[in-house]
Amino acid sequence: MPERLRRRARDVNSLAASIVNDATDEDGPPPDSNGKDPAAVSLGRRGGLKGGRARADKLTPEQRSAIARKAAAARWA
């Protein structure tokens, strides 16, 4: 007898779920296939990690101050 058939669930819901899984031969959730290319995801992640810092380096102190003032006003509004 397979191992999964020897184990018994402790509550009714788990027992029902195991019976359905055995009947439909489903071992678990389907693998994660979101359709995204892993190479593209890693490229986007790298760009996102350095984007904010690169933008901040290009701003003048007056521009940074104006952005900070606007953010503070939004927080206190």
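Things to note:
- Lysines with Cα under 28 Å of Lys58, excluding same-chain neighbours fewer than 8 positions away: Lys50, Lys70
- Added length on full extension, which subtracts the Cα-Cα distance from 0.36 nm per residue, Ala16 to Ala66: 11.9 nm
- Difference of contour (0.36 nm per residue) and Cα-Cα distance, Asp57 to Lys36: 4.4 nm
Coordinate-derived values only; no laboratory data. Given the structure is predicted, the values throughout are model-derived calculations rather than measurements.
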